[in-house]
Amino acid sequence: MKHALLILMLCCCIAHAKSQDTRELRKLISDMIEAKAEQNLMDMDYEEMINELIDLAQNPINLNKTSKEELEQLFFLSDFQIENILFYHYNNGPLLSIYELQAVEDLDSLSIVYMQPFVSVYAPTNEKRKYTNGQVLARYQSLIQTPMGYYAANDSTDAAYAGSKERWMTKARININGQIEAGFTLEKDPGEKAFPNWPPLTDFSSAYLQINNPIKYIEKVIVGDYRISFGQGLGMWTDMAFSKSTETAQLRRRAKGISKYTSVNESSYLRGIALDLKLRKFKLSPFISHKKIDASINLATDHFDEMVTSIQETGYHRTRSEIENRHSINETILGANLNYKHHLFNLDAGYYNWQINTPIQEKNHIKDIYRFKGDELSSFWLAHSVFLKKLTLFGELNWHHNTNWGMYQGATFRAGSDVIATLAYRKFSKGYTNILSNPFAESSNPAGESGIYSSIQFKPSYKLQIKAFADLFSYDWLRYNVYSPSVGFEWFAQANYRINYQNSIYLRYKSTKKEINSKTELSNYKIEDYQKQNLRLFYSFTPNEQWSYQTQVEYAHFHQNKKSEGWLFFQDLQYDMNRYFRFSIRYTLFDIEDYNSRIYAYEPDVLYAFNIPAYMDKGTRIILNAQIKPAKNLNLWLRWAHSNYKNKAFIGSGHQMINGNKMDEIKCQLQYRF
């Protein structure tokens, strides 16, 4: 009776929060991705993370029959929270309701709100649940205006882009009893031909078949396209991963091993076969991959052999040169990882060999003398995670080509029930090469980088949470646009204040200081400081289950010899009439002087899509989103985005240039679930 009374009290405490779970979680994800977008100038692949969360929502974790590995899929939970959930279940037996999580030590109400879409509570059983579910999804998007690359200069010249301006994607997935999973993805980017070659497949085609526990000792087999992540990302990691983000306490990477590939990124996957072999606490994961990749090649002459000048990862095949680079070389990868898992620690040891059939050319510039050249790379890694009561230690050592290496060591310490502090050190040799890795680092190419990172997260009161980090880093060799060894410093602070269940607010400040080539003394390889500062205020109001409002204002200031600055303001309104119709509108005002003071802002989009554009110039932007459920298993999304720039005769540059100061984009997505 006492157990049931506790659950009833907890239900009353957070019943209202349940209606906000997906909104709160989406904001958390968008904040983390914005930080990632600021570090990477190329488009990032966010779809895999969203796919995994939607998979979990469709097949929730049973908290009465779960494991540490399952709960680690919930990236917003700290290691200490996961341990406390498992310890509570061990001490108190099966949970009677999800609301009983309020009794778990250090598990705050907001974390429970995040968890609700992905967990369930029911009595464990030895009977295997039989089910078949899946989906078919189609997406279409296009600009209303036509960029210059789609026009021919004259009657005797073809347009720069070979295909149409539309982008479309089709994907299908099926899951049978959790034992057999299969899917395929077809995609065409704007400017590409839909079916460029024979057989008539799209520009990007991907498929996988995953069989779980087919026989004893084999935990998983994947044939087709897959991803890999081991250790802390220094040796091999093709998944998306966060380095410095708004979740300052989430420093230790949680490797997924081998997993199916369902995204449309055309470079971050392997194609072949991979499997998990498990014997007690040991897991061996061998893999092999062979596929064609894009590369720019200098053709052979009487004096020089054919050489690769650069490997292309954009996935675009629109212009003549991009089409010539498409699938121009062969890539072969062979390797394995051995994992030992204990409840107090994890150990990983792994190796891979990467080969291409045409060697990479040596660069002539002095900054590139340590860069990888040749046609083969072998990499070894050792990684560890140690879990103590209040302390988690983790790290990885990686080395390749005998002389090049990377090191990362970190610690997370729970100083109190609401205080978590982290500390990490990283160092990479000048010749460190991250062809298949994604380490914690400031730069996307961390060769020659070293740094010390520290963060803290604490709650001075029930309603207030403070998060902050500081990162001091340096480079002991030249880099792109920095022709001298350099140093940098970045720090971040954010205060979240939950006024009540309907109102919340946060204030964020971020400062980045680095060195870059001097604009006035480039010939002497002089470098100088630049600093960028961002200040953001965000407010959310949810009066009921149907309506929600979000307001954000941000100011950016950049200084290098002369200053540039900008500001951005947006207002969101969201309305959930019922499960059959949802609608949102955003109105944005921005006035940003140049690229240096650009501001990143998450934009509402259709399911599976995350859009984090960099705002520049001066103007307005309106975004309308609608979700309609015309039938039980059918969902339709519609999106229209309109940008209006002030005092501009054209938008963009080169082949992407649009005449005029207005730009409109439409997007339509249809999903059938079964």
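The values are calculated or read from the model by the stated rules, or taken from the named source; none is laboratory data. Predicted model only: the values in this text are computed from it and were never measured. FYI the Cβ positions are ideal-geometry reconstructions off the backbone, even for glycines, and counts take in every protein chain you see. To get the accessible areas, we keep the full protein, side chains included, count just its heavy atoms, and leave off ligands, DNA and RNA. Shrake-Rupley method; radii C 1.70, N 1.55, O 1.52, S 1.80 Å.
Details
Yes/no per residue for (1) touching an Asp or Glu at 6+ places or on another chain (Cβ under 7 Å); (2) closer than 30 Å to P200 by Cβ:
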| residue | (1), (2) |
| --- | --- |
| G93 | no, no |
| S97 | no, no |
| P117 | yes, no |
| E181 | no, yes |
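- Looking across segment 348-381, the residues that are in contact (Cβ under 8 Å) with a residue 60 or more places away in the chain and in a strand (DSSP E or B) come down to D348, G350, Y352, W354, I356, T358, S379, F380, W381.
- Looking only at segment 502-523, residues that are open to solvent by less than 60 Å² (accessible area, probe 1.4 Å), in a strand (DSSP E or B) and not aromatic (F, W, Y) come to 11 in all.
- Of the criteria (1) in contact (Cβ under 8 Å) with a residue 24 or more places away in the chain; (2) in a strand (DSSP E or B); (3) open to solvent by 60 Å² or more (accessible area, probe 1.4 Å), which one Y555 fails: (1)
- From the list D225, D203, the one residue that fits, being in contact with a His (Cβ under 6 Å, 6 or more places away or on another chain) and either without any contact (Cβ under 8 Å) to a residue 60 or more places away in the chain or over 17 Å from S437 (Cα atoms) (or both), is D203.
- In segment 482-501, residue most open to solvent (accessible area, probe 1.4 Å) [restricted to those that are touching a residue at least 40 places away in the same chain (Cβ under 8 Å) and polar (S, T, N, Q)]: S484
- Residues satisfying the stated conditions in segment 632-674, i.e. small (G, A, S) and touching a residue at least 12 places away in the same chain (Cβ under 8 Å): A641, S643, A649, G652, G654, G660
- In segment 142-162, residue nearest to G183 (Cα to Cα) [restricted to those that are open to solvent by 40 Å² or more (accessible area, probe 1.4 Å) and part of a helix (DSSP H, G or I)]: Y150
- Restricting attention to segment 592-617, the residues that are exposed (fewer than 15 other Cβ atoms within 10 Å of the Cβ), outside any loop (DSSP other than H, G, I, E, B) and more than 19 Å from the chain's Cα centre (by Cα) add up to 1.
- Selection within segment 290-347 - among the aliphatic types (A, V, I, L, M), more than 26 Å from P196 (Cβ to Cβ) and either in a loop (DSSP other than H, G, I, E, B) or at pLDDT below 95 (or both): L344
- Hits in segment 53-99 - residues which are more than 25 Å from T392 (Cβ to Cβ) and without any contact (Cβ under 8 Å) to a residue 12 or more places away in the chain: D55, G93
- Residue in segment 256-269 that is open to solvent by 10 Å² or more (accessible area, probe 1.4 Å) and under 18 Å from G410 (Cβ atoms) present: no
- Which listed residue is among the charged types (D, E, K, R), outside any strand (DSSP E or B) and either touching a strand residue (DSSP E or B) at 6+ places or on another chain (Cβ under 7 Å) or surrounded by fewer than 16 Cβ atoms within 10 Å (Cβ to Cβ) (or both), from K220, K171, K165, K193: K165
- Some residue of segment 583-600 being basic (K, R), farther than 30 Å from Y316 by Cβ and out of contact with any helix residue (DSSP H, G or I) (no Cβ under 7 Å at 6 or more places or on another chain): no
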